[in-house]
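Peer 1: First the structure, then my questions, so here it is.
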Amino acid sequence: REPSHVLAILEPAAAHLDQEVVWVLPLDQKYRLRRSPMEITKGILNASLSHPREIFREAIRMAAAAIIVAHNHPSGDPTPSAEDLQTTRQLVETGRVVGIQVLDHVVLGGNRPSPAPFVSLRESGLVDFK
């Protein structure tokens with residue numbers, strides 16, 4: 001229900017990663033987690049190439065009603081990049097087309113000190129999820 005819940009679920013896996021990883025959390029109609037987060041792509045130090053088809057493939061198979069997307073920034077700074085914002089906008093639009101709501105995109109900071117441990121693109125208002 002809250003971005004902090006995404007942090008609690010993924011922090012053990014993301015805290016010590018030296019490369020970006022993208023996860024999808026598939027949700028049912030009541031926004032309950034249907035299964036454990038799915039690792040979609042693993043990238044390099046500061047990028048993880050992901051396409052909407054990879055993000056939605058498993059969600060469609062599972063008949064998810066909604067998803068939350070998350071990825072880590074190994075630098076420790078969860079500030080979203082321009083690419084993060086563009087990708088999220090593309091995912092929201094794709095979700096509209098396939099009938100799976102994208103509730104949020106949470107960027108995790110990692111194990112290095114930062115002002116905040118994560119940024120929720122929904123809460124920050126940087127992307128319109130409607």
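The values are calculated or read from the model by the stated rules, or taken from the named source; none is laboratory data. The shown structure was predicted, so the numbers you read here are calculated from the model rather than taken from an experiment. Here the Cβ is made from the backbone with ideal geometry for all residues, glycine too, and neighbour counts use every protein chain on show. The accessibility values were calculated without ligands, DNA or RNA, using every heavy atom of the protein model including side chains. Shrake-Rupley method; radii C 1.70, N 1.55, O 1.52, S 1.80 Å.
Peer 1: Kindly indicate which of Asp18, Asp77 is under 19 Å from Leu126 (Cβ atoms) and modelled with pLDDT under 95.
Peer 2: Result of the check over Asp18, Asp77: Asp77.
Peer 1: Same structure again: Which of the numbered conditions does Pro26 fail, given that it passes all the others? Conditions: (1) within 14 Å of Gln101 (Cα to Cα); (2) open to solvent by less than 90 Å² (accessible area, probe 1.4 Å); (3) in contact (Cβ under 8 Å) with a residue 12 or more places away in the chain; (4) in a loop (DSSP other than H, G, I, E, B).
Peer 2: Here Pro26 clears every test but (4).
Peer 1: Can you find a residue that is over 24 Å from Gly109 (Cα atoms), of a type outside the set (Phe, Trp, Tyr) and under 14 Å from the mean Cα position of the chain (by Cα) anywhere in the range 36-52?
Peer 2: no
Peer 1: Quick test of your reading of the structure: Asn72 fulfils all but one of (1) open to solvent by 10 Å² or more (accessible area, probe 1.4 Å); (2) polar (S, T, N, Q); (3) in contact (Cβ under 8 Å) with a residue 12 or more places away in the chain. Name the failing condition by number.
Peer 2: (1)
Peer 1: Still on this model: Return the residue satisfying two criteria in turn: it lies in the range 116-125 and is modelled with pLDDT under 95 and not in a strand (DSSP E or B), and of such residues it is most open to solvent (accessible area, probe 1.4 Å).
Peer 2: Pro117
Peer 1: Here is a further query. Would you pick out the residues in the range 29-51 that are modelled with pLDDT under 90 and not in a loop (DSSP other than H, G, I, E, B)?
Peer 2: Thr41, Lys42
Peer 1: Residues that are within 22 Å of Pro12 (Cα to Cα), at pLDDT below 90 and among the hydrophobic types (A, V, I, L, M, F, W, C): does the range 92-115 have at least one?
Peer 2: no
Peer 1: Taking the options Ala59, Ala63, name whichever one is open to solvent by less than 80 Å² (accessible area, probe 1.4 Å), without any contact (Cβ under 8 Å) to a residue 24 or more places away in the chain, of a type in the set (A, V, I, L, M) and not in a strand (DSSP E or B). Break it down into steps so the answer makes sense when it comes.
Peer 2: On the way: Ala59 fails: without any contact (Cβ under 8 Å) to a residue 24 or more places away in the chain.
Answer to the check: Ala63.
Peer 1: While we're here: Can you tell me which of (1) under 19 Å from Phe118 (Cβ atoms); (2) part of a loop (DSSP other than H, G, I, E, B); (3) open to solvent by 40 Å² or more (accessible area, probe 1.4 Å) is the one Ile9 doesn't meet?
Peer 2: (2)
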